[in-house]
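One structure is given below, encoded as structure tokens.
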DNA sequence: CAAAGACATAGACATACGTAAATATTTACA
DNA sequence: TGTAAATATTTACGTATGTCTATGTCTTTG
């Protein structure tokens with residue numbers, strides 16, 4: 001289990017003190033921005049919310065597609081972005097793919113944004 | 001739960017239950033995404049962090065400009081985006097302009113992202 | 001093995017974004 | 001009043017983003 005020196009996006013949000021506590025370094029900011037970027041889209045916000053609030057904490061792509069007026073590849077593209085950012089886990093079971101929200105990543109991010117000053 | 005006709009970006013984050021509690025509506029997601037978009041840039045993350053963590057909770061643009069290797073108009077542009085999103089308050093005192101972080105907006109956003117499920 | 005269904009990838013296109021250079025605006029002060 | 005300093009606005013430009021259509025991959029089942 002060799003770990004690379006690079007931080008995955010998920011780990012990035014656990015890197016540092018809250019925004020209001022001390023100034024983010026350049027590299028810290030560059031690690032966190034992709035996480036926020038992944039969330040900063042209405043479709044992706046709804047997708048992650050649907051997955052996170054779904055029965056069992058996971059949802060099948062088949063369920064998600066129908067909730068939007070967008071093409072299937074577009075939804076797939078957004079899910080990929082959330083997955084690559086480390087906000088959604090992906091598991092294939094038979095023909096279906098299930099996504100699950102990484103709540104600890106979301107909570108790290110929330111702590112970073114909303115954490116109180118020293 | 002009734003909502004006003006127009007939400008300012010700041011209010012948007014206080015609109016609804018946490019992501020993981022119930023699916024965001026389309027309009028809720030469209031209200032929140034701009035807030036995250038404003039944060040989803042390394043320069044703006046560092047700017048808001050510098051302001052929020054600065055002595056007195058506010059910082060002068062003159063202090064901020066020097067911390068970056070970017071042109072003054074570029075910093076001004078980023079500050080404008082954070083201000084228009086409702087994340088930074090702006091006050092002119094003499095020749096200088098001071099920005100102050102809206103911590104309640106940040107905390108609303110954090111609660112939305114990191115709030116636990118039902 | 002072939003066909004169908006679920007999901008992902010590739011390519012293309014219009015729009016949005018981050019940045020810089022040049023210029024404008026506002027304020028203080030000699 | 002005029003000059004300098006602090007900040008904002010305008011314009012321009014390359015790159016990134018969101019979306020679609022078309023196609024590919026994988027899995028199940030007839």
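The values are calculated or read from the model by the stated rules, or taken from the named source; none is laboratory data. Everything quoted here is computed from the prediction, not taken from an experiment. Here the Cβ is made from the backbone with ideal geometry for all residues, glycine too, and neighbour counts use every protein chain on show.
Here are a few things to note about the model shown:
- Inter-residue pairs, beta-carbon under 8 Å, first more than 17 Å from residue B:33 (Cα to Cα) and more than 7 Å from chain B (Cβ to nearest Cβ) and in segment A:47-60, second in a loop (DSSP other than H, G, I, E, B) and modelled with pLDDT under 95, 6+ apart: A:57/B:117
- Qualifying residue in segment B:96-113 (condition: within 16 Å of DNA strand C (Cβ to nearest atom), surrounded by 20 or more Cβ atoms within 10 Å (Cβ to Cβ), facing chain A (nearest Cβ under 7 Å) and not in a loop (DSSP other than H, G, I, E, B)): no
- Any hit, segment A:33-40, residues being within 26 Å of residue B:101 (Cα to Cα), at the interface with chain B (Cβ under 10 Å from one of its Cβ atoms) and more than 15 Å from DNA strand C (Cβ to nearest atom): no
- Checklist (1) in contact with a strand residue (DSSP E or B) (Cβ under 9 Å, 6 or more places away or on another chain); (2) crowded, with 19+ Cβ neighbours inside 10 Å applied to residue B:57, failing item: (2)
For (1) at negative phi; (2) in a helix (DSSP H, G or I); (3) within 10 Å of DNA strand D (Cβ to nearest atom); (4) under 16 Å from the mean Cα position of the chain (by Cα), each residue gets a yes or a no:
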position	(1), (2), (3), (4)
A:19	yes, no, no, no
A:29	yes, yes, no, no
A:37	yes, yes, yes, yes
A:46	yes, yes, no, yes
A:49	yes, yes, no, yes
A:52	yes, yes, no, yes
A:70	yes, no, yes, no
A:73	yes, yes, yes, no
